[in-house]
Amino acid sequence: KKRVAILISGRGSNMSALIEAAKAPDYPAEIVAVIANKADAAGLDVARANGIPAFAIPHRDFASKPEHENAVSQALHAEKTDIVCLAGYMRIISPEFVSAWEGKMLNIHPSLLPLFKGLHTHEQVLEAGMRVHGCTVHFVTAGMDEGPIITQTAISVNIGDTPDTLAERVLSVEHETYVRALALVASGKAVMKNGRTVFRD
Ligand code: GAR
């Protein structure tokens with residue numbers, strides 16, 4: 001099994017979905033650590049309740065981004081991490097950290113990329129008049145929300161939807177989408193090669 005660390009900033013519902021999925025004996029990944037960049041991230045308690053080592057490495061405790069990322073790197077290596085999953089981790093990651101984990105770091109984003117990068121995706125979708133929306137799990141590359149796609153799930157935009165109703169429906173498909181993506185990567189069925197995702201059976 002691949003050893004997976006999850007990076008969070010808050011609630012951690014995607015983290016919880018990955019923890020639950022990884023309890024299945026045939027799931028190809030195990031969750032070995034959860035790291036938050038905020039001391040009060042609610043997901044830390046959920047991880048601990050599941051017996052997973054969980055700790056905060058608050059970016060505010062460090063003078064610079066490289067120093068914070070070095071501390072995170074050390075923690076990842078101490079847990080012999082094979083794959084890093086960003087799950088609501090609201091920090092921009094330096095190119096150095098990205099290249100250290102190239103092809104081994106995944107992120108979930110609440111839109112159908114390459115549409116609607118960045119923040120406030122549900123507002124962006126409504127503003128654009130979209131009638132479909134969804135989520136994407138992709139390999140992390142230097143460009144924010146730009147890495148090769150691993151899995152996506154689409155939902156309909158309904159009459160009367162608001163940013164909140166969309167956020168709730170997208171979140172509920174995020175969980176299964178992330179579980180599928182991590183299984184594909186951990187089993188070697190999805191590999192990043194030359195900036196693209198290559199799928200194998
Ligand atoms: C999720 O909707 C995730 O897609 C989004 O934050 C939420 C985290 O929820 N991520 C981003 O916007 C990344 N820029 P969670 O903490 O319950 O998993």
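The values are calculated or read from the model by the stated rules, or taken from the named source; none is laboratory data. Quick caveat: nothing in here was measured; it's all calculated off a predicted structure. Every residue, glycine as well, gets a Cβ built from its backbone with ideal geometry; the counts of neighbours run over all protein chains shown. The protein model used for the area step is the full one, side chains on, heavy atoms only, and it has no ligands, DNA or RNA in it. Shrake-Rupley method; radii C 1.70, N 1.55, O 1.52, S 1.80 Å.
Checking the stretch 176-198 against the condition returns no match, with no residue being assigned to a loop (DSSP other than H, G, I, E, B), within 16 Å of the ligand (Cβ to nearest atom) and open to solvent by 30 Å² or more (accessible area, probe 1.4 Å).
Scanning the stretch 44-81 for residues that are out of contact with any helix residue (DSSP H, G or I) (no Cβ under 7 Å at 6 or more places or on another chain), in a loop (DSSP other than H, G, I, E, B) and among the hydrophobic types (A, V, I, L, M, F, W, C) yields a count of 1. Residues in the stretch 102-128 that are more than 13 Å from the ligand (Cβ to nearest atom), open to solvent by 60 Å² or more (accessible area, probe 1.4 Å) and under 21 Å from Thr197 (Cβ atoms): Glu102, Lys104, Pro114, Leu115.
Select from the stretch 76-93 the residues that are more than 30 Å from Leu166 (Cα to Cα), open to solvent by 10 Å² or more (accessible area, probe 1.4 Å) and either without any contact (Cβ under 8 Å) to a residue 40 or more places away in the chain or not basic (Lys, Arg) (or both) and list them in ascending order.
Restricting attention to the stretch 76-93, the residues satisfying the condition of being more than 30 Å from Leu166 (Cα to Cα) are 76-82.
Subset that is open to solvent by 10 Å² or more (accessible area, probe 1.4 Å): 77-82.
Result: His77, Ala78, Glu79, Thr81, Asp82.
Pairs linking a residue in the stretch 1-26 that is in contact (Cβ under 8 Å) with a residue 60 or more places away in the chain and under 19 Å from Ala42 (Cα atoms) to a residue that is open to solvent by 20 Å² or more (accessible area, probe 1.4 Å) and away from the ligand (no atom under 15 Å from the Cβ), with Cβ atoms under 8 Å and 6 or more positions apart or on different chains, are Ala5/Glu79. Kindly indicate whether any position in the stretch 147-163 is within 21 Å of Pro95 (Cα to Cα) and out of contact with any strand residue (DSSP E or B) (no Cβ under 8 Å at 6 or more places or on another chain). No, because not a single residue in the stretch 147-163 is within 21 Å of Pro95 (Cα to Cα) and out of contact with any strand residue (DSSP E or B) (no Cβ under 8 Å at 6 or more places or on another chain). Of all the listed residues (Ala54, Ala49, Ala17, Ala21), the sole one being within 15 Å of the ligand (Cβ to nearest atom) and either at pLDDT below 95 or farther than 17 Å from Leu106 by Cβ (or both) is Ala54.
Scanning the stretch 1-41 for residues that are in contact with a Gly (Cβ under 7 Å, 6 or more places away or on another chain) and surrounded by 21 or more Cβ atoms within 10 Å (Cβ to Cβ) yields Ile8, Gly12, Asn14, Met15, Val34, Ala36, Ala41. Selection over the stretch 131-147 of residues that are assigned to a loop (DSSP other than H, G, I, E, B), buried (at least 17 other Cβ atoms within 10 Å of the Cβ) and more than 13 Å from the ligand (Cβ to nearest atom) gives a count of 1.
Is one or more of the residues making up the stretch 163-175 farther than 21 Å from Arg3 by Cβ and assigned to a loop (DSSP other than H, G, I, E, B)? No; the residues of the stretch 163-175 include none that is farther than 21 Å from Arg3 by Cβ and assigned to a loop (DSSP other than H, G, I, E, B).
Could you say whether any residue in the stretch 55-64 is open to solvent by 70 Å² or more (accessible area, probe 1.4 Å), within 16 Å of Ile6 (Cα to Cα) and more than 17 Å from the chain's Cα centre (by Cα)? No, there is no match, as no residue in the stretch 55-64 is open to solvent by 70 Å² or more (accessible area, probe 1.4 Å), within 16 Å of Ile6 (Cα to Cα) and more than 17 Å from the chain's Cα centre (by Cα).
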